[in-house]
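Asks: There's a structure below that I have some questions on.
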Amino acid sequence: MICSNNDCKKDFTPKTHNQKYCSDDCCRIATNKRIMEKYYEKKAIRNGAYRPCKKCNVQLSRYNKTNLCSSCEKNINIKNKDKILRMIDEIS
Ligand SMILES: [Zn+2]
Ligand SMILES: [Zn+2]
């Protein structure tokens, strides 16, 4: 096995079949790295890093907490409204 810690990559004999790191230290370092990556990802979003709209890929505002831009969201709302209006029409 090669240690999954990219800074180590030491060849080692795993003690358990799912051991990915040569030592507890490497495991800890790699886990910390993952936590930091997540942290920076969140920080980047807060700082206005590029986040595309799921529907049209336009850049989302950092104040937008959804995965859709405001115009796509509006479109969905309009469609829903249409649906509701049509339903009301059918009932009456
Ligand atoms: Zn290692
Ligand atoms: Zn959009």
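Asks: Take the range 39-91 and flag every residue that is in a loop (DSSP other than H, G, I, E, B), away from ligand 2 (no atom under 16 Å from the Cβ) and exposed (fewer than 13 other Cβ atoms within 10 Å of the Cβ).
Replies: 47, 48 - these are the residues of the range 39-91 that are in a loop (DSSP other than H, G, I, E, B), away from ligand 2 (no atom under 16 Å from the Cβ) and exposed (fewer than 13 other Cβ atoms within 10 Å of the Cβ).
Asks: What's the number of the condition residue 21 fails, among (1) surrounded by 14 or more Cβ atoms within 10 Å (Cβ to Cβ); (2) assigned to a helix (DSSP H, G or I)?
Replies: Condition not satisfied by residue 21: (2).
Asks: Going residue by residue through the range 27-36, is there one that turns out to be over 27 Å from the mean Cα position of the chain (by Cα) and in a helix (DSSP H, G or I)?
Replies: No; the residues of the range 27-36 include none that is over 27 Å from the mean Cα position of the chain (by Cα) and in a helix (DSSP H, G or I).
Taken together, the values in this text are just the output of simple stated rules run on the coordinates, not laboratory data. Remember, predicted model here, so these are calculated numbers, not experimental data. Glycine gets a Cβ as well: all are built from the backbone with ideal geometry, and neighbour counts include every protein chain shown.
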